[in-house]
Amino acid sequence: MTAWLLLAGAIVTEIIATTFLKIADGFTKPGPSIIVVVGYVVSFWMASLAMKTIPLSITYAIWSGIGTLAISLIAVLFMREPISGLKVLAILLIIGGVVLLNLLSSEGATS
């Protein structure tokens with residue numbers, strides 16, 4: 001359970017850091033830039049702790065899949081980036097890949 005909470009924390013801090021990466025404007029704004037660096041350090045640290053229990057492939061698939069979905073939503077909803085049908089399809093394929101990877105991992109653990 002602790003590993004999953006660490007993974008959730010890694011995802012949240014990565015989402016925050018990535019959002020502030022845009023706001024940092026090429027690291028020209030000190031406040032947002034500090035949030036980026038601290039956010040990524042904390043995110044990688046928490047992910048590394050989660051990987052002591054959760055396999056690397058599962059940790060990274062979930063981390064990147066949820067992060068991709070969240071950042072895409074933030075970009076469209078708050079940063080007014082355009083969205084297209086192909087972008088939606090690509091995001092759904094990423095999520096589908098994460099689900100499939102988890103199913104295959106669970107299947108391999110029982111055989």
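Taken over segment 34-51, the residue count meeting the criterion of being in a helix (DSSP H, G or I), more than 17 Å from Thr18 (Cβ to Cβ), open to solvent by 40 Å² or more (accessible area, probe 1.4 Å) and in contact with a helix residue (DSSP H, G or I) (Cβ under 8 Å, 6 or more places away or on another chain) is 1.
Any idea which residue in segment 94-111 is modelled with the highest pLDDT, counting only those that are loosely packed, with under 11 Cβ neighbours inside 10 Å and part of a helix (DSSP H, G or I)? Ranking the qualifying residues of segment 94-111, first place goes to Leu103.
Checking each residue in segment 2-41 for being over 21 Å from Arg80 (Cα atoms) and in contact with a Gly (Cβ under 8 Å, 6 or more places away or on another chain) picks out Ile11, Thr13. Against the list (1) β-branched (Val, Ile, Thr); (2) in a helix (DSSP H, G or I); (3) without any contact (Cβ under 8 Å) to a residue 40 or more places away in the chain, the condition Ile83 fails is (2). Suppose we filter Ile66, Ile71 for residues that are surrounded by 13 or more Cβ atoms within 10 Å (Cβ to Cβ), among the β-branched types (Val, Ile, Thr) and modelled with pLDDT of 90 or more; which single one remains? Exactly one of Ile66, Ile71 is surrounded by 13 or more Cβ atoms within 10 Å (Cβ to Cβ), among the β-branched types (Val, Ile, Thr) and modelled with pLDDT of 90 or more, namely Ile71.
The single condition among (1) under 16 Å from the mean Cα position of the chain (by Cα); (2) open to solvent by 40 Å² or more (accessible area, probe 1.4 Å) that Phe27 does not satisfy is (1). Taken residue by residue, segment 37-58 has at least one member that is at pLDDT below 90 and β-branched (Val, Ile, Thr). In summary, Ile54 fulfils each of the numbered conditions (1) open to solvent by 70 Å² or more (accessible area, probe 1.4 Å); (2) under 18 Å from Leu6 (Cα atoms); (3) not in a helix (DSSP H, G or I) with the single exception of condition (1).
The values are calculated or read from the model by the stated rules, or taken from the named source; none is laboratory data. What you are looking at is a predicted structure, and each value in this text was computed from that prediction instead of being measured. Quick reminder, even Gly has a Cβ in these numbers, built from the backbone with ideal geometry, and neighbours come from all protein chains shown. Just the protein is used for accessible areas: all its heavy atoms, side chains included, with ligands, DNA and RNA removed. Shrake-Rupley method; radii C 1.70, N 1.55, O 1.52, S 1.80 Å.
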